[in-house]
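Written out below as structure tokens is the structure these notes cover.
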Amino acid sequence: MSSPVVARPKPCLVNVKPGRTYFWCSCGRSAKQPFCDGSHKGTGFAPIEFTAGAQDEELLLCGCKHTRSGPFCDGAHTNLPGGSPLDDPLSPQNRDIPVVTERDGPRALLNGSCYVFSPRLAAMQPRGSLRYCYMVSAEMGSLYQAQLLMEVSGATSPVMSLGSCDVILFVGAGAGTVTISGRAFPVKATDGVYIRPSEAIQLSADVGQTLKVFVLACPLGEITWLDEMLTNFDSQYGQRVVPVDPDQRTAMGPRYFQVLVDKRIGSKVITQFIGHIPRSKAAPHRHLYEEAIIVLSGEGYMWTEEKKARVAAGDVIFLPRKQLHSLEATSADGIDVVGVICPGDNPSINYYD
Ligand code: FES
């Protein structure tokens, strides 16, 4: 059996009827992509039959035929020759796109409810040794997640909870301890941390350090301050800290990422990853998940249909589901980012119009 034909180097977004059965073309020869029209006869390929789930309305079916999760796109198209196309930021069309001037406090407002949040322009709320601000919330347009920035130095922070949410932390700077319902975990910059629903959280920085932590809660949640530490640590999920490990990187064309917190340690609806984007501008694309991206280093622009906003280290980009966008890295060394996708488990799945 030879290789399948690349019918199109990107997935197909299809509307499906819950409970209905479909036949996905695996050979790439069908004229009715992404579905089978019988053209596989004699090729050794066979269509893959699948039934849309009760909640399914839109699915991303593989168009490149190189997925290992047929019929669904698994991001394999981003590693094909010609996959993950780039865009010219100096094309005549792009030159007409202005740098955004609309702001709402620390937020530069792009198309849809996409924005770039600059914490250096935000008012941090004090609570004991803790300072914090919301960067993603329902009021700012999020449907699936809340995100906060927290900084603690000196004494330990108050004890807090985000109720029934799954919570993921990213340690942006410093070293210290995250205590989860009585269990203490040493952490350092670039670690990802997972906290189960209903567990309590307390942060403390090592002597002479400021611990800077990005806090993500899904579904949308708000902080509840507790009088004392809880003891409901969920021992079924004992691994809570995921460090950066270059051996765990996944290539995505010229980009790469490493998944930090995900379903492997218990987080079923949110996936956190750390990644690198070389100097380039990705072709405009969309995702079926909501995404928040923390810029760790470098500079560039976040582009939407008719606007672009400057991004720099420390900024957080909020992307609603299906928002057309493109992140451009202008620094010679590119941009390092941490992202959280929700709901979703594979940050390499994108689609193009
Ligand atoms: S289109 Fe084939 S893996 Fe995405």
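The values are calculated or read from the model by the stated rules, or taken from the named source; none is laboratory data. In this text the structure is predicted, and so the values were computed from the model without any measurement. When we count neighbours, we look across all protein chains shown, and the Cβ atoms used for this are built from the backbone with ideal geometry, even at glycine. Please note that ligands, DNA and RNA were not included when accessible areas were found on the heavy atoms of the full protein model with its side chains. Shrake-Rupley method; radii C 1.70, N 1.55, O 1.52, S 1.80 Å.
Largest mean-square fluctuation among 300, 192, 163, in a Gaussian network model of the chain whose springs join Cα atoms under 10 Å apart, belongs to 163.
Restricting attention to the range 19-117, which GluC sites (Glu not before Pro) occupy a DSSP loop and are surrounded by at most 16 other Cβ atoms within 10 Å?
Answer in residue order: 57, 102.
By the Stokes-Einstein formula, at 0.692 mPa s and 37 °C, the range 1-83 with its Kirkwood radius over alpha-carbon pairs has D equal to 258 µm²/s.
Annotation: aspartates and glutamates with alpha-carbon distance below 13 angstrom to residue 10 (same-chain offsets under eight excluded): 74, 353. Working note: Cα gyration tensor of the chain, eigenvalues times five, square-rooted, sorted largest first, giving semi-axes of 38, 25, 18 Å. About the centre of its Cα atoms, the chain shows a dipole size close to 740 debye [charges on the beta carbon of Lys, Arg (+1) and Asp, Glu (-1) only; nearest 20 debye]. Farthest towards the positive end of the charge dipole of the chain, among the residues 270, 6, 150, is the Cα of 6, using unit charges on the Cβ of Lys, Arg, Asp and Glu.
Here each label is just a point 7 Å from Cα along the line to Cβ, and for residue 103 and residue 330 those points are 1.6 nm apart. Annotation for the range 25-70 versus the range 286-331: alpha-carbon center distance of 32 Å.
A simple count of charges around residue 157, restricted to other residues whose Cβ falls under 10 Å of its Cβ and scoring Lys, Arg +1 and Asp, Glu -1, yields +1.
Ligands, DNA and RNA aside, residue 12 has an accessible area near 10 Å² when probed at 1.4 Å. If you take the Cα centroid of the range 185-210 and the Cα centroid of the range 122-181, the two points sit 10 Å apart. The residues of the chain expose on average 44 square angstrom of accessible surface per residue, using a 1.4 Å probe on protein heavy atoms. All other residues whose Cβ lies under 12 angstrom from that of residue 273 are scored, Lys and Arg at +1 and Asp and Glu at -1, for a net of -2. Counting only lysines at least 8 places from residue 17 when in the same chain, those with an alpha carbon closer than 29 Å to its own are 32, 41, 65, 263, 268, 322.
Calculated mean residue ellipticity, 222 nm, the chain: 0 deg cm²/dmol, from DSSP H runs (n ≥ 4) at -39500 (n - 2.57) each, averaged per residue and rounded to 500. Converting the Cα gyration tensor eigenvalues of the range 113-211 into ellipsoid dimensions via √(5λ) gives semi-axes, longest first, of 22, 17, 12 Å.
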